[in-house]
Amino acid sequence: MTPSQPRLLVVDDEADVRYSFRRLFEKADYDIAEAASGEQAIAMVRAEAPDVILMDIRMPGADGIATLREIRAFDPRTPVILMTAYSSTQSTIEAMKAGAFDYVLKPFEIGKIRTVVQAAVKVSRDMRQVVSYQPLLSREQHAEEIVGTSGPMQEVYKLIGRVSNSDLPVLITGESGTGKELVARAIYHHSRRSQKPFLAVNCSAIPEQLLESELFGYLRGAFTGALSGKPGKFEVCDGGTIFLDEIGDMPPATQSKLLRVLESGEIEKIGSTRSTRVDVRVMAATNRNLGEAIEKGSFRADLFYRLRVVEIALPALRDRLDDLPMLVDYFLSRYASLMGLEKVAVDDRAIAALRSHPFPGNVRELENLIKNCLVRLHGNVLRAEDLEFSHPAGGAAAPAFPGNLAEESVFDVLFQEIARRQPLPEGMDAFDIVEKKLIVRALEQCDGNQSRASRFLGITRNTLRKRVRKYGLKIDRSVTEGEAGED
Ligand SMILES: Nc1ncnc2c1ncn2[C@@H]1O[C@H](COP(=O)(O)OP(=O)(O)OP(=O)(O)O)[C@@H](O)[C@H]1O
Ligand SMILES: [Mg+2]
C-alpha cells in the first residue's frame, strides 16, 4: 500500500513550457508525462490514466476546451487543470463550464500551481481509492476497508447498502475520528454515481466569505476583485456527489442557499439572477449535535430535516470494543508494510490496555497511536509498555474531540518559523524548510535508517539521499542539522 508517485500529464504545444513543469514537478517526486497536442493527450489519458492533467487552453488543432470535453466524456473523474492567460476570461468561464477542476493564470505563480495540483491529486485519488465495507478476500486488493464486525457496525453496513443506490441525501454523524468520511466514500463507491466525480468540501476549513463562492460560484464582476467568473463545486460536480464535511459549521446564509438547492435542484451564482439546474447528490457529516445547534439557532431546522432523510450514526470506538483487536491488526499490518517492517504481533496485555482507554479521538486516535508505536518499536511484538497514549486513560471521555486542532497548531508553528526566517535564505523556499524538518524527524524516528525513513516518507531512497545532501544533514545514529543549503 505504499503510496505511488502521483502521475501528472502536462499538455502544451510549447516544449519549453512542458519542460519547466517537468522540472518543477519531478523535484516534488511526480511522475510526468507530456503531450504536445489535444489529440495526443486523449490517447495518453486512455493509455496511462494519469492522476491529474495540466493543460493549456490555447493549442493548435483541438484546443484545451475541446480536449477537456472529450476527456470528460469518457473519464469524468480525472481532474483537469487548465492554463490560461489573464486576457481570456471568456474562455476561462467556458473552461469551467466544461468541467475543469480549476484553472491557473499566466504568468504562473509556482506556489499556486503546486497547491492546485496537489489538491487535484488528493481529489483524484480519493475518487479512485475504493472503500469497501465487506471484508476483502485478500489485503492485496487495492482498497481501503471499513473494519469492524460488531453489532453497531453491522447496522452501519446495512444502511450503506440500503442508501448507496438511491440519490437520497445522507447525514453522517458521530464523534471525531469515527470514520464519517470513510463511510461517505464507501457510499459513493457503491453508488451508481461511482464513475462520476466526488468532491468533498470542508465547511469549517473555508472562511465564511469564501464558502458560498466555493459552492455556488460567481459571475465576473460579482464583487470587487472578481475579474473573471468561476463556477462552484456544485457545477463542477454535476452528475456526481458532493460531500459537505463539518456541515454544523456552515454559516446561516450559506445554509439558506443550500436548502434552496436541495429543494429545487437549482443553484444561483453570486451576482446572477438566473438559476442553473444541477444534478448532484448531497451527503453531509458533522461531529456536532445538530439538535442543540438548532435550539441555539445556529442551524436551520428545515435544512436539518432535508439532509437527514437518512442518518447514519457512527458508534464511538469505546462502544464497539469487540472490534478493537481487528482494528489493531489492520493498522499494524497496513503501517508495518508501509514502513518496510516485518509483521508485528500484539501481546494480550497491550490489547487489555487499549480496551480500557476511552479513545476520545476514536479510530483516528488508535490509528495514530499504532503508527507512532511502530516508528519507535524494537523487535516485532507490540507490548503494553510500548503504548504511549496522548490522552490519559481512565478519565472521562471528552464528547467531541476537536480533530483539526492539532493539525492546525502544527501549521501555526511552521508558519511562525517561516515568518521568523524572512527573508528566506537563498536557495531555500518555505517548502524546503518544511521538508527539511520532516526529513530530520523521520530519520530520528528511524534511528538514522535511511530505507525505513524513505519508506515512511513515501519517497525513494535516492530522493532521500539527494535531500540529505541538499540540506547538509549528517547521519550517524543521531541526526544533526548542518547549515548547508541555507546560505
Ligand atoms: N472502521 C474503520 N476501519 C478502518 N479505518 C477507519 C475506520 N474508521 C475510521 N478509520 C480511519 O480513521 C481515520 C479517521 O476517519 P475519518 O476521517 O473518516 O473520521 P471522521 O469521522 O470524518 O473524523 P472527523 O470528525 O475528525 O473529521 C481515517 O484514517 C480512517 O481511515
Ligand atoms: Mg471527517
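Taking all protein chains in place and a 1.4 Å probe, what share, in percent, of the accessible surface of the chain do carbon and sulfur account for? Don't skip to the answer; put the middle values down first.
Numbers: 12130 of 23590 Å².
Accessible surface attributable to carbon and sulfur in the chain totals 51 percent.
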- Figure the gain on full extension for S298 and D75 (residue separation times 0.36 nm, minus the Cα-Cα span) and round it to one decimal in nm. 76.3 nm
- Query: If each of R58 and A313 carries a label point 7 Å out from its Cα toward its Cβ, how far apart are those two points in nm?
  - Reply: 5.9
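Taking 1 over the mean of 1/r across every pair of different Cα atoms in the chain, what Kirkwood radius in Å do you get?
Working: mean 1/r = 0.0405 Å⁻¹.
Averaging 1/r across every pair of different Cα atoms and inverting gives 24.7 Å.
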- When the chain is fully extended, how far beyond the present Cα-Cα distance does F223 get from Q118, taking 0.36 nm per residue of separation? 35.0 nm
- Task: Would you please give the residues with an amide H less than 5 Å from that of L314, counting only those at least 5 places away or on a separate chain, with H modeled from the backbone geometry?
- Result: T173, G174
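Are there chymotrypsin sites (Phe, Trp or Tyr not before Pro) in segment 57-114 that DSSP puts in a loop and that have at most 11 other Cβ atoms within 10 Å, and which ones? Each step should come with its number before you reach the end.
Values: sites: F74, Y86, F101, Y103, F108; in loops: Y86, F101, F108.
Sites meeting the loop and neighbour criteria: Y86.
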- Message: Looking at the chain, identify the longest residue range that excludes and avoids all trypsin sites (Lys or Arg not before Pro) in DSSP loops having at most 12 other Cβ atoms within 10 Å.
- Response: 1-191
- Positive end of the charge dipole of the chain (Lys, Arg +1 and Asp, Glu -1 on Cβ, about the Cα centre): tell me which of L332, G225, A36 has its Cα farthest that way. A36
- At least 24 Å along the helix axis (C-alpha) and Kyte average at least 0.0, DSSP helices within the chain: 110-128
- Residues whose placed amide H lies under 5 Å from that of L473, excluding near-sequence neighbours: G482
- Query: Can you run phi through the Karplus equation (6.51, -1.76, 1.60; θ = phi - 60°) for segment 282-296 and list ³J(HN,Hα) in whole Hz, with x for Gly and Pro?
  - Reply: 10, 10, 9, 9, 7, 9, 8, 8, 5, x, 5, 4, 5, 4, 6
- Message: Calculate the FRET efficiency for N462 and Y19 from the Cβ-Cβ distance with a Förster distance of 22 Å, rounded to the nearest 0.05.
- Response: 0.55
- Note on the structure: Given backbone amide H placed at 1.01 Å from N, residues whose amide H is under 5 Å from that of T241, ignoring those fewer than 5 places away on the same chain, are F198, L199, R281
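Please calculate how many Å² of accessible area the chain carries per residue, with a 1.4 Å probe and no DNA, RNA or ligand atoms counted. Numbers along the way, then the final one.
Numbers: 23590 Å² over 487 residues.
Accessible area per residue, the chain: 48 Å².
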- Note on the structure: For A28 and A143, extending 7 Å from Cα along the Cα-Cβ vector and measuring point to point gives, in nm, a value of 3.2
- Under a plain spin-label model, where a point goes 7 Å from the Cα along Cα-to-Cβ, how far apart in nm are Q209 and F415? 1.6
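The values are calculated or read from the model by the stated rules, or taken from the named source; none is laboratory data. On a predicted model such as this, the values are computed, not experimentally measured, just so you know. Glycine also receives a Cβ, built like all others from the backbone with ideal geometry; neighbour counts cover every protein chain displayed. Side chains are part of the model used for accessible areas, which takes the heavy atoms of the whole protein and leaves out ligands, DNA and RNA. Shrake-Rupley method; radii C 1.70, N 1.55, O 1.52, S 1.80 Å.
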